[in-house]
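The values are calculated or read from the model by the stated rules, or taken from the named source; none is laboratory data. These numbers were taken from a predicted model, which means no experiment stands behind them. Glycine gets a Cβ as well: all are built from the backbone with ideal geometry, and neighbour counts include every protein chain shown. Note: areas computed on protein heavy atoms with side chains; ligands, DNA, RNA excluded. Shrake-Rupley method; radii C 1.70, N 1.55, O 1.52, S 1.80 Å.
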Amino acid sequence: MTPAGLLHHFADKEELFAEVLHQRDEKVRAAAGDPAEHTLLEQAKRVVAHNQTSRGLTSLYAIVSAEATDPEHPSHAEFAARYRARADEAVEILRRGQEAGEVRDDIDPALAARLISAVMDGIQLQWLLDESVDMVPLFDEFVRRYLYPAAPPQS
């Protein structure tokens, strides 16, 4: 497609990036699966694994989300709302996980919900800077050590 063809469909680069990220989100949702009652952590693990297979889109997401921290950026409100909505959804799923004994009961679900995306974004950035960083075991370590209840001691 030519630059003129792109301008016919998109007003500017931000609008084009927004559409590309929308398409990326659809692929990530498909990779993660539907959010069932207590599958948040498994979904997050699948998202991390999926992102490691799509470097270009993962990089674009990291760049645009960083640029969107500027309150004047056209996607600022959308990214702020995205993080807020995902955290709100995660809080409820984490609470249900706590009630079912699948998530530690000594963590604050509101804090943990924000930490999940913070850890995902952080290890994603490290991987983008150094491909020898394997995001999947790093995220697994976080989930296992911080979110899952401790395994009972073996006798």
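With respect to GLY122, is the statement that it is in a helix (DSSP H, G or I), farther than 20 Å from ALA30 by Cβ and within 12 Å of the chain's Cα centre (by Cα) true?
Judged against the criteria, GLY122 is a match.
How many residues, within the range 86-132, are crowded, with 19+ Cβ neighbours inside 10 Å, farther than 30 Å from ARG55 by Cβ and among the aliphatic types (A, V, I, L, M)?
Qualifying residue count for the region: 1.
Which condition does GLY101 not pass, out of (1) at negative phi; (2) out of contact with any His (no Cβ under 7 Å at 6 or more places or on another chain), if it passes all the others?
Condition (1) is where GLY101 drops out.
Consider PRO149 against the criteria (1) surrounded by 12 or more Cβ atoms within 10 Å (Cβ to Cβ); (2) out of contact with any Lys or Arg (no Cβ under 8 Å at 6 or more places or on another chain); (3) in a loop (DSSP other than H, G, I, E, B): it satisfies all of them except one. Which criterion is unmet?
(2)
Evaluate the following for ARG82: is it basic (Lys, Arg) and either in contact with a helix residue (DSSP H, G or I) (Cβ under 7 Å, 6 or more places away or on another chain) or open to solvent by 40 Å² or more (accessible area, probe 1.4 Å) (or both)?
Spelling it out, it is not the case that ARG82 is basic (Lys, Arg) and either in contact with a helix residue (DSSP H, G or I) (Cβ under 7 Å, 6 or more places away or on another chain) or open to solvent by 40 Å² or more (accessible area, probe 1.4 Å) (or both).
For a quick check of your reading: which helices (runs of 4 or more DSSP H) sit entirely within the range 1-100 and have at least 2 residues that are under 14 Å from the mean Cα position of the chain (by Cα) and either of a type in the set (Phe, Trp, Tyr) or modelled with pLDDT under 65 (or both)?
13-32, 76-99
Does GLU67 meet the test of being open to solvent by 30 Å² or more (accessible area, probe 1.4 Å), in contact with a Ser or Thr (Cβ under 9 Å, 6 or more places away or on another chain) and without any contact (Cβ under 8 Å) to a residue 40 or more places away in the chain?
It is true that GLU67 is open to solvent by 30 Å² or more (accessible area, probe 1.4 Å), in contact with a Ser or Thr (Cβ under 9 Å, 6 or more places away or on another chain) and without any contact (Cβ under 8 Å) to a residue 40 or more places away in the chain.
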